[in-house]
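Notes follow the structure.
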């Protein structure tokens, strides 16, 4: 069965002479081989028809096109190492556990929206002529405020409260699905990364 797939960790570069790729998760550095790193990169997703859904099937298909080897084995190993998270497409308790376990950390600089396109927001670097990414308002709001919360579950709770205050009550499933959909454009464009939740 295919699952949603999410990369975990902050990429901090290649190390020589070891020739390994290094991710930081929490306060630990974790090393990957080149092939493992290739699978981790593909877990971020690819912009396909604007869909926020990126599954293990999508990853395996793209990996085959990229001629990576032993991809399923690397995928399983990365999950065991805590560098990939798999979430059932249908959500449920495992999706709740995922958002309880991780938090969002932003990267890049917010460039705001424009009069011509007020519903989309740019992220990147002020010195560049073009933004790195243009994301919908929900993703930008998550990028802007998600790191304030100790976990993505706290962000879900805030979203549910705001919806209730606006007389637009949403159940856990709708709020969680919305957050996961808003998360993907940030990961696909390396505007943010997932790290371990802060323990209160």
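Could you work out which residue, out of 58, 35, 117, moves most in a Gaussian network model of the chain, that is, has the largest mean-square fluctuation with Cα springs under 10 Å?
117
How much FRET efficiency would the formula 1/(1 + (r/R0)^6) give for residue 196 and residue 109, where r is the Cβ-Cβ distance and R0 is 25 Å, rounded to 0.05?
With a Förster radius of 25 Å, E is 0.55.
Relative contact order (percent) for the range 104-200, with alpha-carbon contacts under 8 angstrom and 6 or more residues of separation?
33 percent
Using a Gaussian network model of the chain whose springs link C-alpha atoms within less than 10 Å, name the residue from 106, 136, 118 with the highest mean-square fluctuation.
Maximum fluctuation in the GNM of the chain, among the listed residues, is at 118.
Full-extension gain between residue 73 and residue 18, please, as 0.36 nm times their residue separation minus the C-alpha to C-alpha distance.
Full-extension gain reported as 17.6 nm.
Springs between alpha-carbon pairs under 10 angstrom, Gaussian network model over the chain: which of 97, 105, 164 fluctuates most?
Per the Cα network of the chain with a 10 Å cutoff, 164 tops the list.
Quick check: the angle from helix 56-65's long axis to the longest principal axis of the chain, C-alpha only, nearest 10 degrees?
50 degrees
Rank the residues 125, 98 as a footprinting-exposure proxy: fewest other Cβ atoms within 10 Å of their Cβ go first.
Starting with the residue having the fewest Cβ neighbours, the order is 125, 98.
With the Cα gyration tensor of the range 104-200 giving a ≥ b ≥ c as the square roots of its eigenvalues, does the rule (a/c under 1.5 for rounded; else a/b larger than b/c for prolate; else oblate) give rounded, prolate or oblate?
Because a/c hits 1.5 or more and a/b fails to exceed b/c, the range 104-200 counts as oblate.
Take residue 29 and residue 130, extend 7 Å from each Cα along the Cα→Cβ direction, and tell me the distance between the two endpoints in nm.
3.4 nm
Once both axes come from the Cα atoms, what is the angle between helix 152-165 and the longest principal axis of the chain, in degrees from 0 to 90, rounded to 10?
On a 0 to 90 degree scale, this one is about 20.
What does the helix-only formula give at 222 nm for the chain: each DSSP H stretch with n ≥ 4 adding -39500 (n - 2.57), the total divided by the residues, and the result rounded to the nearest 500 deg cm²/dmol?
-12000 deg cm²/dmol
Kindly put 3, 16 in sequence by how many other C-beta atoms sit within 10 Å of each C-beta, fewest to most.
16, 3
Given a Förster radius of 41 Å and the C-beta distance between residue 93 and residue 120 as r, what FRET efficiency does 1/(1 + (r/R0)^6) yield to the nearest 0.05?
The formula returns an efficiency of 0.75 here.
What nm distance separates the two modelled labels at residue 100 and residue 173, each placed 7 Å from Cα along Cα→Cβ?
1.9 nm
Angle, helix 71-80 long axis vs. longest principal axis of the chain, Cα atoms, 0 to 90°, nearest 10?
Long axis of 71-80 versus the principal axis of the chain: about 60 degrees.
Bear in mind these aren't lab numbers, they're just calculated from the coordinates by the rules spelled out. On a predicted model such as this, the values are computed, not experimentally measured, just so you know. Glycine also receives a Cβ, built like all others from the backbone with ideal geometry; neighbour counts cover every protein chain displayed.
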